[in-house]
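Trainee: Dropping the structure in here first, questions after.
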Amino acid sequence: MQFSLVPGDAAAVSGELLVIPLFEGELVGDAAPAPLATADSALDGKLRAAATQEGFKGKVDQSFLIHTLGRLGGHERVLLLGLGNRARFQPEVLRLAAGRAAKTAQRLKATSIAFRVPATDRAEDVVRAVVEGLELGVYRFDKYKSAAREDKASPKLKSATIALPAGTPKSRALDDALTLGLKVAEAVNWARDLVNEPPNVVTPVRLAQAAQQAAKESGLQAEIGGRKEIERLNMGMFLGVTVGSVQEPRLIHLVYTPKNAKDAKRAPLALVGKAITFDSGGLSLKPTEGMVEMKTDMAGSAAVLAAMKVIGSVVKPPFPVHAFIGACENMPSGTAYKPGDILTARSGKTVEITNTDAEGRLVLGDMITWAGEHGPSAIIDLATLTGACMVALGNYIVGAFGDDDATVNSVLDAAKAAGEEMWRLPVSDMQKDALRSDVADMKNSGERWGGAINAALFLKEFVGDIPWVHLDIAGPSNSPKERGYLNKGATGSGARTLVELVRQRARDVDTLPEPKAQPAKAAKRAKAKTAR
Ligand code: BES
Ligand code: MN
Ligand code: ZN
């Protein structure tokens, strides 16, 4: 979509659908903000009267739509959106509301929208939230619907004019907020496409191609490896999962390097994403109902790749950022790994397989080891890892795990700023017995209780001393229904938080501790191991 920013005092703002967000209590009395008062008087005071009559109070999730009968210039309709209590306002409220506005515009077949930004003390955050909400809100995944294909000629929401609050002039900072919001939302929509595409389309090879394309467009370096590379790197757990599938696995490594030579020498931030393009459960086969959603088991990698796009093209932090992704399918077959098998990880640890459906942690374990060899300042992994995390936190909240309080808190702060809800869960050693094996160093799946913690404990075995945060996005990666800017289906969960985390670390770059292992040394060590 095309976005333009106009100062609040601009007389005429064009757009078929005029959107006026309102806090609770602003509809009646003297509290009406200028855009509402103007629209109301053009409609002989009947806008406010009608909205009141219909029960609109400006509560969150409330909206009121009315045709202007040609009395409001080019605005065919006015949409009032509730923002709830002003004291409890967060940009996410506006992001969700803007998403609803975009969906309303689409249903009305409006091609343009005029959005009146409410007056707050956070103009930049608010502009960004509106842009993101609108762009995320117009997203649809209907390319496989014959009817939608035939509908291609019909009008589509093409442009949005964002009108700033009265008295707010345009500025470089606001333009930057608009650009960042648009880039973030486009990247998140790109991730949603990758996740929504069926598993016969997004195979490991196709995922790697998408990563390569993204890298090319965003100034990142991409290294893609196949089975040979995975064998050469002794990634025994990754190999174990992939051997049951006829789809070729892919090892994906994207690198953002800052232009400034001094910055390029800093310790990188490492991002790891789960990329099981289809999780049947393997020989520990999933029941049909659980299996149909398992095309989404690569959502962690999609979010990481989306974040890398924004990091390389807009954020450009003064430290390197690496993405490590092991992409494969988890399938049952005559060659598949079996319960009882013992796999040897890249780190040297041995793992008894007790459930082939606990495959994500195996691939991630090898990816985390590999990431750690690059001397990162921190490792953040995103994974649709456990159903247990969904049982604990539901469909909208990400589970965050890690021992390093400062790093975990920085991720939670970034999530809050990005409008993504996360909740910390413990990685308590108390549960460690769950992974004890009689025959190997550990087993891959423990008891049912505390399943999300057990998975995190397994990953922790590969982290060493590096500050690490594990984000279990099994629930939020997929929305069960339309909500705000979300549709039923893929959400791109986690991408916005990663972008925000990188922005925060860029701001604080001089206060971040450099890791104990110097990157150069670690790289040498990695090379030596590779050569083995
Ligand atoms: N990909 C699943 C987790 C999942 C479940 C993601 C539902 C999204 C929605 C993962 O590989 C898995 O199968 N986990 C098992 C682990 C168990 C076997 C220890 C689970 O959660 O049941
Ligand atoms: Mn599984
Ligand atoms: Zn899985």
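Every number in this text was worked out from the coordinates using simple rules, so none of it is lab data. Quick caveat: nothing in here was measured; it's all calculated off a predicted structure. No Cβ is skipped: glycine too gets one built from the backbone with ideal geometry, and neighbour counts run over all protein chains shown.
Trainee: Mean 1/r over all different Cα pairs, inverted: what Kirkwood radius does the chain give, in Å?
Mentor: 24.2
Trainee: Can you give the longest run of the chain that contains no chymotrypsin sites (Phe, Trp or Tyr not before Pro) sitting in a DSSP loop with at most 15 other Cβ atoms inside 10 Å?
Mentor: 145-395
Trainee: Same structure again: If you build the convex hull over the alpha carbons only and average its shadow over all orientations, what do you get for region 154-298? Give it in nm² to one decimal.
Mentor: 14.6
Trainee: Moving on to the next point. In the structure shown, do any of K170/K316; K59/K109; K183/K416; K57/K103; K259/K349 have a Cα-Cα gap over 29 Å, and if so which?
Mentor: Exceeds cut-off: K259/K349.
Trainee: What share of the DSSP beta bridges in region 330-478 is antiparallel, in percent to the nearest 5?
Mentor: 40
Trainee: Another one. Hey, what does the equivalent ellipsoid look like for region 259-311, semi-axes from the Cα gyration tensor as sqrt of 5 times each eigenvalue, largest first, whole Å?
Mentor: That gives 36, 11, 5 Å for the three semi-axes.
Trainee: Per residue of the chain, what 222 nm ellipticity follows from adding -39500 (n - 2.57) for every DSSP H run with n ≥ 4, rounded to the nearest 500?
Mentor: Estimated from H runs of four or more residues: -11000 deg cm²/dmol.
Trainee: Restrict the search to region 61-113; then list the trypsin sites (Lys or Arg not before Pro) that DSSP places in a loop and that have at most 14 other Cβ atoms within 10 Å of their Cβ.
Mentor: R71, K109
Trainee: Which angle from 0 to 90°, rounded to the nearest 10, does the C-alpha axis of helix 405-418 make with the longest principal axis of the chain?
Mentor: The helix 405-418 is inclined about 30 degrees to the chain.
Trainee: Quick check of the Kirkwood formula: for region 238-361, what is the inverse mean of 1/r over all pairs of different Cα atoms, in Å?
Mentor: Answer for region 238-361: a Kirkwood hydrodynamic radius of 16.0 Å.
Trainee: Would you please classify the overall shape of region 376-467 from the alpha carbon gyration tensor, given that a ≥ b ≥ c denote the square roots of the eigenvalues, rounded means a/c under 1.5, and beyond that prolate means a/b larger than b/c while oblate covers the rest?
Mentor: Oblate, since a/c reaches 1.5 and b/c is not below a/b.
Trainee: Could I ask something else about it? Can you give the translational diffusion coefficient of region 128-227 in µm²/s, computed by Stokes-Einstein from the Kirkwood radius over Cα pairs at 4 °C and 1.567 mPa s?
Mentor: It diffuses with D of about 79 µm²/s by this estimate.
Trainee: How big is the convex hull of the Cα atoms of region 1-106, per residue, in Å³?
Mentor: So the per-residue hull volume is 112 Å³.
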